[in-house]
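Here the structure comes first, spelled out in structure tokens, and everything after it is commentary.
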Amino acid sequence: MPANLPLFWKTRQRLMASVLVLVIFFISLASGLGEFMPARASSPLWHGLQASMVHTSDGPAKPFVPPVTSTPANTDVPPFPPTIDPSTNPSGADTSTPTDTYPTSTDYPPSTSSGPVADQPSYPIATQPDTTGSNNGIVPQPTNPPSTQGSNPNPTQPAQSTVTPRPTPVPTAPPTATDTPTPTDTPTTTATATPTGTPVSTGSCTANSPTPTVTPTATPTLSATATATDTPTATATSTPGNPVLTNLEQVTNSAFGTDGSYVPNSWGVQKSRIVRTSTGDLFTVYISAGTGLKDRTWHLMHQISGGKWEELKKGDAGAEPINILVGPGDELHLFTWPGTKGTLVHLYSKDLGRTFEQEDVAGNWSTDQGYAGATINTKGDMVVYQTTEDDVPGRFFWSYYSSSTHQWTFHKNTLDCRYTYAFFFLGDKGDLTITAMRDVKREELGLTASTGFDYIFNDIGYFYTQDVNVANPKLTFIDVTGVVPPQNNTDYDITYLTDSYIDTQGKVHILYNNLYDGPHHAIIEGGHLVKDVRLDISFSLGTKARITQDSQGHFYVIAMSQDGTSLNVYPGTSTDTDGTQLMSAVSLPISSNPGCADDDFCHSPTFTVPRSGNSRSDVIDGVYGNHNDEIYFQINLRGNS
């Protein structure tokens, strides 16, 4: 027995050790299960995510987008705009939902330009839109309209690091005229700041008004609206270029331009007529006579670098010239109004015009000549618009396309009276800037009827909204020129808007011709009219003047001579920071393909600019008109400087 005792104890020790190991194992296992058990509560979320995916046979799962429903527009007009309840209107009003994307492109122009914005969303292939109308008001003008950064920052607010303004104006008093309410799906709105200052009418509609107060400021602001880059630059002087004409040739001699027959190809100072892609391809549009007043024919012309102009496509334009835009991925966008029947057709190409898709953009569009235009920002968001035929009240009809949701949203703003020939600028954060000239019959202003043309243009307005994504974007208004009374009952182009532009600092530049005082340059910054100066250019050039910047941000005013034989380029001086201090003109001869003086039949130089989708560059490509001729030109703004 004693001899076997050590063996017994050894066996017993081994057994106890084994049991202990098993106990520890089961305790650890139970603890581990306890850690993993709570994860089961999250499993419904995963199933929910799976349920929100639509699996297709031709590719990976795609996010499910719930359908948008809406209600037809109500034709009754109440005294005030309706209150929208975000809880019952969670999504965007009057929307259309397409799909798919476009390829990217190579860089153009070379080092002198920042080129298209990289890695931006591109326009999808459209599906049949599902839309309804929505109605929107206008905010009475504050003396100092609010904003944050960029195109129209509020000077009372501290500077922020963001590059795009997000002012949020709301009405301080009900509009003079109201909009038709539309029950509709609308995006959720956020709290807004109330504009400060004394409210006035929503667009001046009187025969006389006080002269606007100019509030000078030297405070630089940040860029926000439809610029070539999201990175703003501080105000600084740059060296002026030495502009040279590098190309001049005829695009067509078949444009519609018969004297006395309207609407001619050259009509519409606000039209976007030419774009350039990153590959160097050029695209321009014009109209020919078509089958009648409401059915002109549009033509899309294409030129590869160093090649000849060729027609790619044509169709029914409606009553007036169409607009063309280029997207950040070289997408081409055309906007037409076939038959002038209140239907907006959007044609778009992702392969440099070789093939096109199209869609109808729903909305309560005008069935008359619409004074239409279009704009695009660096993200590929777009706005297409009309200014209606009614004098009092006036209206802006417009539809906003979001490159992130791939939806169109229709809006309407009601004004005291009509403003037309509008320039729209869409910022990268959804802010919208509008400049336009008042266009009403003399009798509406209490003036004596004219013995000839009875419409009068004698006031220019500026309109702004902080966010086009809210349910009912409201516009704030600034009277830029004040009403300039006519000196007789035959004068009509008294304050004639010739161009508008938003610079690299977000300042809004407005060129106009005062019939009695010559060409002017007004600037709005920080929600203020900060400058309105008489431009130091020839009196006769006032109705054909444009403004732009080169790749360094240097300003140039470009105007056609009265006899149409030269393009006169006025570089800013070496100390100029805003295009108001100009050098003597550099005269570029164009007598081999001349322009002419008439505003309607000989349109002014119209060239590649950011609001049409092109980056700022030292090289601008443009067109001008002379009755049946449409002429292409190219200018190197810096030349051999």
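Could you list all residues from segment 517-574 that are assigned to a strand (DSSP E or B) and hydroxyl-bearing (Ser, Thr, Tyr)?
We begin by selecting, within segment 517-574, every residue assigned to a strand (DSSP E or B); these are 518-525, 528-534, 545-549, 555-560, 566-572.
Once the filter is applied, which keeps residues that are assigned to a strand (DSSP E or B) and hydroxyl-bearing (Ser, Thr, Tyr), segment 517-574 yields Thr548, Tyr556, Ser566, Tyr570.
Within segment 290-312, work out how many residues are open to solvent by 50 Å² or more (accessible area, probe 1.4 Å) and of a type in the set (Val, Ile, Thr).
Qualifying residue count for the region: 2.
Given (1) under 18 Å from Asn513 (Cα atoms); (2) in contact (Cβ under 8 Å) with a residue 24 or more places away in the chain, identify the lone condition not met by Asn488.
Condition not satisfied by Asn488: (2).
If I filter segment 512-546 down to residues being over 16 Å from Thr213 (Cα atoms) and acidic (Asp, Glu), which single residue comes out as surrounded by the most Cβ atoms within 10 Å (Cβ to Cβ)?
That would be Asp536.
If I filter segment 607-641 down to residues being β-branched (Val, Ile, Thr) and open to solvent by less than 10 Å² (accessible area, probe 1.4 Å), which single residue comes out as nearest to Asp431 (Cα to Cα)?
Of all residues in segment 607-641, those β-branched (Val, Ile, Thr) come to 608-609, 619-620, 623, 631, 635.
Keeping just the survivors that are open to solvent by less than 10 Å² (accessible area, probe 1.4 Å) gives 608, 620, 623, 631, 635.
Working: Thr608: 22, Ile620: 26, Val623: 29, Ile631: 34, Ile635: 31 Å.
Residue satisfying both the conditions and the ranking: Thr608.
Has segment 236-255 got any residue that is in a loop (DSSP other than H, G, I, E, B), modelled with pLDDT under 65 and either open to solvent by 40 Å² or more (accessible area, probe 1.4 Å) or basic (Lys, Arg) (or both)? Spell out the reasoning first.
As a first pass, look at segment 236-255 and keep what is in a loop (DSSP other than H, G, I, E, B): 236-241, 243, 253-255.
Filter again for modelled with pLDDT under 65, leaving 236.
Among the residues that remain, those that are also either open to solvent by 40 Å² or more (accessible area, probe 1.4 Å) or basic (Lys, Arg) (or both) are: 236.
Yes, the conditions are met somewhere in segment 236-255.
Taking the conditions exactly as written (assigned to a strand (DSSP E or B) and closer than 17 Å to Trp398 by Cα), does Ile456 satisfy them or not? Give the steps one after another, and end with the answer.
Details: assigned to a strand (DSSP E or B): yes; closer than 17 Å to Trp398 by Cα: no.
Here the answer is no, as Ile456 does not meet what is asked.
Can you tell me how many residues in segment 578-588 are open to solvent by 50 Å² or more (accessible area, probe 1.4 Å) and touching a residue at least 60 places away in the same chain (Cβ under 8 Å)? Quick ask: steps written out before the conclusion?
In the first step, residues of segment 578-588 are kept if they are open to solvent by 50 Å² or more (accessible area, probe 1.4 Å); the result is 581, 583-584, 587.
Subset that is touching a residue at least 60 places away in the same chain (Cβ under 8 Å): 583.
Total meeting the criteria: 1.
Of the residues Ile547, Ile558, Ile510, which is more than 23 Å from Phe463 (Cα to Cα), among the hydrophobic types (A, V, I, L, M, F, W, C) and touching a strand residue (DSSP E or B) at 6+ places or on another chain (Cβ under 6 Å)? So that I can check it myself, show each step before the final result.
Working: Ile547 fails: more than 23 Å from Phe463 (Cα to Cα); Ile510 fails: more than 23 Å from Phe463 (Cα to Cα).
Of Ile547, Ile558, Ile510, the one residue that is more than 23 Å from Phe463 (Cα to Cα), among the hydrophobic types (A, V, I, L, M, F, W, C) and touching a strand residue (DSSP E or B) at 6+ places or on another chain (Cβ under 6 Å) is Ile558.
Which residue pairs have Cβ atoms under 6 Å apart, sit 6 or more places apart or on different chains, and have a first residue in segment 543-570 that is touching a residue at least 40 places away in the same chain (Cβ under 8 Å) and a second that is in a helix (DSSP H, G or I) and open to solvent by less than 20 Å² (accessible area, probe 1.4 Å)?
Listed pairs, sorted by first residue: Ala559/Leu541; Ala559/Lys544; Met560/Lys544.
Just to be sure, is Asp467 open to solvent by less than 30 Å² (accessible area, probe 1.4 Å), in a loop (DSSP other than H, G, I, E, B) and of a type in the set (Asp, Glu)? Let's see the steps before the verdict.
Values: open to solvent by less than 30 Å² (accessible area, probe 1.4 Å): yes; in a loop (DSSP other than H, G, I, E, B): yes; of a type in the set (Asp, Glu): yes.
Taking the combined requirement at face value, the residue satisfies it.
Looking at Thr297 and the list (1) outside any loop (DSSP other than H, G, I, E, B); (2) touching a residue at least 24 places away in the same chain (Cβ under 8 Å), which single condition is not satisfied?
So Thr297 meets the others, but not (2).
The values are calculated or read from the model by the stated rules, or taken from the named source; none is laboratory data. The shown structure was predicted, so the numbers you read here are calculated from the model rather than taken from an experiment. Using ideal geometry, Cβ is built from the backbone for each residue, glycine included, and neighbour counts are taken over all protein chains shown. For the accessible areas, the whole protein counts, side chains as well, though only heavy atoms, and no ligand, DNA or RNA atoms are used. Shrake-Rupley method; radii C 1.70, N 1.55, O 1.52, S 1.80 Å.
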